[in-house]
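Asks: Let me give you the structure first, and then I'll get to my questions.
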Amino acid sequence: MEVCDELRSFEATGVYRLDGTSTGATFLDPVRLLNASYERFRIVPSAYYSRSFGPQHQEGEPEIERPEKRRKRKRNQKPKSRELNPMEQVAEARHQEARPLLLKAHESLIKAKHLLEYISKTIKDNRHTLDAGSGSENNFVELGTSWRAPFYEITLCFQKSHVLGNEEGSFHAQKTSFPLFNSIISVEGIDEAEGEFQNRRYILPRESCFLMTDFKRVRDLIPCSPNQGYNLIVVDPPWENGCVRQKEEYPTLPNRYLLYLPVQELAHPAGALLVLWITNREKLRVFVEKELLPSWGVKNPSVFYWLKVKPDGSLIGDLDLFHHRPYECLLLGYINVNTNGEQGSNFKLLEGSQVIMSVPGAHSRKPPLEKLLSEYIPGPKPSRCIELFARELFPRWTSWGNEPLHFQDTMYFSEK
């Protein structure tokens, strides 16, 4: 396949498989994947790629040495080296096991210079100041805990077209109000809707559905009929994390609360693929593998890695930096599927580890995975998908959490 054909395919799909599928290395463009969800709007790349990675070093230019803050210490005093405790040693062993796969995947990305040039140019050409609109963003977590929460309403505006004879279609808006919290809200039709709440506007993808509640109302998601269960279940918990609490990025949840998530009751009886995002803390990994996944009916999970890169293809940090790895892990496994039996004809079983690479968005925002994982999803088609602890919406998905509209604010969009 010629380079132009490869990029043309990437431009259309947002998925670029590097060096064939045998290496398991794939580059994703989250903005292209998300923009496929909208007809009248588009994600602004500079809004999605809002992290600052510092100026990129251009080839042929001298690198600028940056002064670093150093703690004063006594003359001839060497920094103390600390031995890793047993738990940290296990975590380091996991890292060393994954390291060759990660390096091989990253090397395949660096070799794809035409892809990197295209990505860097796309992001650079779309740099502009965000329009935050009137006032600051709504804090849905705080609003959901207020005594006023049951009385808050969101007004959805649906565009409807009418064709008169051979004349062009005309549009008029239909507005309907719904309780914002503790109520399932669905966007019916083939076009996105616009939501209005407390002087902020939100873009809702076609056929999306969300339930904005706290953990106490999560069982409201359980379908009335098992045949309405979900074939793809993505879980991105706000894991306990001292660093996050200190930065006040978002409220965390005690890990053991997750044992009460009704994951098995959400799964379709014909089978479901579960995707769980986890951090690199070994204590958490042990809890997930020994307790959490077995309680959800998941056995023998596969490990995928999300390797985070800058627009120029370099890693966002040192691969071997112990407490700040430039990658996150996903554990994937099946519910209601006998992986030891004969494989069903409608999906492909997971085999081995894979590496996903992309330029990361805002803190804790994950790239969309449905297109990449579609061949591994069991059960009837089209697949029914749900995300737990969601912070954005997707077409034909159900999203649950205490802030699923977070990234649907119009500040992240522009009109086509």
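The values are calculated or read from the model by the stated rules, or taken from the named source; none is laboratory data. On a predicted model such as this, the values are computed, not experimentally measured, just so you know. Because the Cβ atoms are built from the backbone with ideal geometry, glycine has one as well, and the counts that use them run over all protein chains shown. Accessible surface areas use protein heavy atoms only, side chains included; no ligands, DNA or RNA. Shrake-Rupley method; radii C 1.70, N 1.55, O 1.52, S 1.80 Å.
Asks: When the residues of segment 314-373 are filtered to those that are within 30 Å of residue 84 (Cβ to Cβ) and aromatic (Phe, Trp, Tyr), which remaining residue is modelled with the highest pLDDT?
Replies: Top of the filtered list is 327.
Asks: Name the pairs: first residue in segment 151-177 and under 16 Å from residue 190 (Cβ atoms) and of a type in the set (Ser, Thr, Tyr), second residue modelled with pLDDT under 60 and not in a strand (DSSP E or B), Cβ to Cβ under 6 Å, at least 6 apart or on different chains?
Replies: 161/169
Asks: Condition (residue is modelled with pLDDT of 80 or more, under 30 Å from residue 285 (Cα atoms), over 28 Å from the mean Cα position of the chain (by Cα) and exposed (fewer than 12 other Cβ atoms within 10 Å of the Cβ)) applied to segment 61-83: is it met by at least one residue?
Replies: yes
Asks: Considering only helices (runs of 4 or more DSSP H) fully contained in segment 218-334, which possess at least 1 residues that are among the polar types (S, T, N, Q) and open to solvent by 70 Å² or more (accessible area, probe 1.4 Å)?
Replies: 242-247, 263-266
Asks: Can you name every residue in segment 290-315 that is more than 30 Å from residue 18 (Cα to Cα) and free of Cβ contacts under 8 Å to residues at least 40 places away in the same chain?
Replies: Residues satisfying the conditions are 290, 291, 292, 294, 295, 296, 297.
Asks: Go through segment 369-389 and report how many residues are at negative phi and open to solvent by less than 20 Å² (accessible area, probe 1.4 Å).
Replies: Qualifying residue count for the region: 9.
Asks: Name, by its number, the condition in (1) open to solvent by 70 Å² or more (accessible area, probe 1.4 Å); (2) among the acidic types (Asp, Glu); (3) at pLDDT 90 or above that does not hold for residue 92.
Replies: Checking residue 92 against (1) open to solvent by 70 Å² or more (accessible area, probe 1.4 Å); (2) among the acidic types (Asp, Glu); (3) at pLDDT 90 or above, the one that fails is (1).
Asks: Ok, one more. Of the numbered conditions (1) open to solvent by less than 20 Å² (accessible area, probe 1.4 Å); (2) at pLDDT 95 or above, residue 394 satisfies every one except a single condition; which is it?
Replies: Going through the list (1) open to solvent by less than 20 Å² (accessible area, probe 1.4 Å); (2) at pLDDT 95 or above, residue 394 breaks only (1).
For every residue, the table says whether it meets (1) charged (D, E, K, R); (2) farther than 30 Å from residue 9 by Cα; (3) modelled with pLDDT of 90 or more.
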residue	(1), (2), (3)
88	yes, yes, no
110	no, no, yes
131	yes, yes, no
151	no, yes, yes
154	no, yes, yes
158	no, yes, no
